[in-house]
Amino acid sequence: MTDVSSSTTATPHPLTAQERAERLALWSGLEPALCLDLPAQMEARIARKRPQLVRLIPEVGNVTLTVHAATLQSGAQLATDVQTLQLPGYRLEPYVTHDTPLERACRQIDQLLETLEETFGTPEGARVWLRTSSEDFHLANAPAATPLAQLQLGHPRSLTAYLLALGEEASFMEEASAETRRVSPSEPST
């Protein structure tokens, strides 16, 4: 049995703003003051974007898509702008959530922290990865394309998704390699 009482990933209570900022500073290497301000910056962006979001609900299947109204109709700014748009096979609904933009921002940061801890195990490993330039994080307005730049712009969810996808890919490759070892081609008999 594994003892999880000392685990840093188990969060028995919601983090306070100060605790979240301290953990983010430890794992990212950012200044604590910047980490304390990040949820508020994200809150403003999330609040601004929500009225622009539309849910596409398929008539068949269960994969619901959330898109910007402008994706569906040129010039559309709000979900209400595309309310009467007809898309065969889909029903359109405004994007409705039951959390506040600040709650969503905090949850996204908490998920990133958990994923960094699970992926790297130590703050040092996470900081190295966050500061490593990568084409995967190209930003038109940033000279260095790093995961840290994404975080500073308020996009922790993209980093979480990236790390989870890498983990899934590694798991798939590991399973495929194990399967290849189990089913090795037989030697031709002579």
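The values are calculated or read from the model by the stated rules, or taken from the named source; none is laboratory data. Note that the coordinates shown come from a computational prediction; the quantities given were computed from them, not determined experimentally. Methodologically, a virtual Cβ is constructed for each residue, glycine included, from the backbone with ideal geometry; neighbour enumeration extends over all protein chains shown. The area values use the complete protein model at the heavy-atom level, side chains included, leaving out ligands, DNA and RNA. Shrake-Rupley method; radii C 1.70, N 1.55, O 1.52, S 1.80 Å.
Annotations
- Scanning the range 96-133 for residues that are over 27 Å from Leu56 (Cβ atoms) and part of a loop (DSSP other than H, G, I, E, B) yields a count of 4.
A quick yes/no check of all residues on (1) under 30 Å from Leu15 (Cα atoms); (2) acidic (Asp, Glu):
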{"residue": "Thr66", "(1), (2)": "yes, no"}
{"residue": "Ala69", "(1), (2)": "no, no"}
{"residue": "Leu78", "(1), (2)": "no, no"}
{"residue": "Tyr90", "(1), (2)": "no, no"}
{"residue": "Pro94", "(1), (2)": "no, no"}
{"residue": "Glu118", "(1), (2)": "yes, yes"}
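- Condition met for Ala44 (touching a residue at least 40 places away in the same chain (Cβ under 8 Å), closer than 26 Å to Ala149 by Cα, open to solvent by less than 80 Å² (accessible area, probe 1.4 Å) and out of contact with any helix residue (DSSP H, G or I) (no Cβ under 7 Å at 6 or more places or on another chain)): yes
- Conditions (1) within 22 Å of Ala105 (Cβ to Cβ); (2) more than 17 Å from the chain's Cα centre (by Cα); (3) open to solvent by 50 Å² or more (accessible area, probe 1.4 Å): number failed by Ala79: (3)
- Qualifying residue in the range 120-131 (condition: in contact (Cβ under 8 Å) with a residue 12 or more places away in the chain, out of contact with any helix residue (DSSP H, G or I) (no Cβ under 9 Å at 6 or more places or on another chain) and not hydrophobic (A, V, I, L, M, F, W, C)): no
- Condition met for Gln86 (without any contact (Cβ under 8 Å) to a residue 60 or more places away in the chain and of a type outside the set (Gly, Ala, Ser)): yes
- Scanning the range 99-108 for any residue that is under 30 Å from Ala21 (Cα atoms) and basic (Lys, Arg) turns up at least one such residue.
- Pairs with Cβ under 9 Å, 6+ apart, first in the range 6-30 and over 25 Å from Ala149 (Cβ atoms), second modelled with pLDDT under 80 and surrounded by fewer than 17 Cβ atoms within 10 Å (Cβ to Cβ): Ala10/Val4
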